[in-house]
Amino acid sequence: MSAVDPVALLKADRIRARANEDPMANLCVLATVGADSPEVRTLVLRDVDDRLGLFFNGLSPKAREVSQSDLVAVVVYLPSLSLQYRLRTRLTAIPADIVHANWQYRPDVPKKMDWLYERHPQSSAIASRQRLIEELPTATPDRAPASAIGYFLAPVAVERLDLGQDNGVHDRRRYTLRGDGWREQILVP
């Protein structure tokens, strides 16, 4: 077993990246499998009750995709630190009261978009960009729509790739959750 908790390491590295004003520090890439092809999209990676979480609309294609598999892949790239994390993770539902409380911290336009999705689901076609703008609520909603959902990330495997080694040889490690701890392996990069 390893004394290193890779999730704690990821959290600490995200804090360092934020201090470096890294534009990727609060983002991740979620990979899922759609009806007939793989799908990838960039999402905001949240810190929720000392856990990592994702929030999105329950009417979106990604909501359908995550409901079809018990595992997804998430990548976090922190260019200011020359680090990449690849997580194989289970998603567990965040209780609605926590989702709705965290929704209050969203910027105004994303809040309006969340309500637009009730009439026009995310990724659906719309006549024009002007029509999209016209359909947005004029006032900022004060509560989340019922379709707002969230998931905690429960990683079962984490790979950390450190590209910033002085000797030029990348440091790649895989951490696999086993029982009550993490098993660490050094990998050939």
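Nothing in this text is a laboratory measurement; each read-out follows from the coordinates by a stated rule. These figures come from a predicted structure and were not determined experimentally. Don't worry about glycine lacking a Cβ; one is built from the backbone with ideal geometry, like all the others, and counts go over all protein chains shown.
List of remarks:
- Prolate/oblate/rounded label for segment 19-104 (Cα gyration tensor, a/c 1.5): oblate
- Listed values for segment 161-178 are Karplus-derived 3J(HN,Hα) couplings in whole Hz (6.51 cos²θ - 1.76 cosθ + 1.60, θ = phi - 60°), namely 10, 9, 8, x, 6, 4, 8, x, 8, 4, 9, 10, 10, 10, 10, 10, 6, 10, and x replaces Gly and Pro.
- Dipole orientation for segment 82-148: of the candidates Pro121, Leu91, Ala139, Leu91 has the Cα lying most toward the positive pole (charges on Cβ; Lys, Arg +1; Asp, Glu -1).
- Reduced Cα scattering model of segment 52-151, Debye log10 I(q)/I(0), q = 0.18, 0.23, 0.25 Å⁻¹: -0.96, -1.19, -1.27
- Simple point charges give the picture: +1 on the Cβ of Lys and Arg, -1 on the Cβ of Asp and Glu, and for the chain a dipole about the Cα centre of about 180 debye.
- Comparing His170, Ile15, Leu71 along the charge dipole axis of the chain, the residue lying farthest to the positive side is Leu71, per the Cβ-charge model.
- When only Cα pairs below 8 angstrom with a gap of at least 6 residues are kept, segment 100-189 shows a relative contact order of 21 percent.
- Relative contact order %, segment 2-125, counting alpha carbon pairs below 8 Å whose residues are six or more apart: 22 percent
- For segment 111-189 versus segment 26-99, the inter-centroid distance based on Cα atoms is 4 Å.
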